[in-house]
């Protein structure tokens with residue numbers, strides 16, 4: 001089992017290093033990250049993690065999305081320190097959560113677009129309907145967060161649940177920094 005964990009962790013590290021090509025170097029504060037390049041040199045330490053976003057991210061939306069998803073998996077697995085057993089349960093549950101959360105956010109954006117497309121002459125009832133959809137989406141998002149917070153606690157130790165939320169925020173900041181630098 002220990003060998004399998006070592007192989008999985010090593011594969012994720014190698015994938016992260018191979019994916020971390022050219023563009024920029026971003027420093028994210030973490031307490032538990034050590035990442036080495038293929039030559040064995042430390043490129044991240046316990047106080048910081050160097051992460052390079054993949055190349056220029058050219059290509060189709062699908063290929064960029066797949067590259068980003070691979071980077072996210074490697075980054076999360078490294079920072080949360082999932083065991084093989086935990087990863088088997090965590091990733092399907094996390095993907096389910098992300099899918100449902102994205103659907104709520106998509107609905108909110110659609111309602112906001114409809115609101116912005118309406119002018120003062122439009123029916124007030126239609127405006128109210130869209131505003132109701134928009135405002136209740138925040139409640140739905142909160143309920144979803146609470147539901148999956150409990151589910152994550154069922155499969156992960158509480159320390160790893162905490163690392164999950166920290167890692168999510170760090171990854172979002174990393175993406176925002178990469179966008180700002182482009």
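Details
- Per-region count, the range 66-97, residues at pLDDT below 90 and not in a helix (DSSP H, G or I): 0
- Filter result for the condition that a residue is assigned to a helix (DSSP H, G or I) and either touching a strand residue (DSSP E or B) at 6+ places or on another chain (Cβ under 6 Å) or touching a residue at least 60 places away in the same chain (Cβ under 8 Å) (or both), over 145, 152, 138: 152
- Residue within the range 108-130 that is in a helix (DSSP H, G or I), free of Cβ contacts under 8 Å to residues at least 60 places away in the same chain, under 26 Å from residue 67 (Cα atoms) and not assigned by TED's automatic domain parsing to the domain that holds residue 64 present: yes
- Selection within the range 172-182 - out of contact with any strand residue (DSSP E or B) (no Cβ under 8 Å at 6 or more places or on another chain) and within 17 Å of residue 98 (Cβ to Cβ): 172, 175
- Members of the range 84-96 found to be surrounded by fewer than 17 Cβ atoms within 10 Å (Cβ to Cβ) and in contact with a helix residue (DSSP H, G or I) (Cβ under 7 Å, 6 or more places away or on another chain), listed by number: 84, 86, 89, 93
The values are calculated or read from the model by the stated rules, or taken from the named source; none is laboratory data. Everything quoted here is computed from the prediction, not taken from an experiment. Quick reminder, even Gly has a Cβ in these numbers, built from the backbone with ideal geometry, and neighbours come from all protein chains shown.
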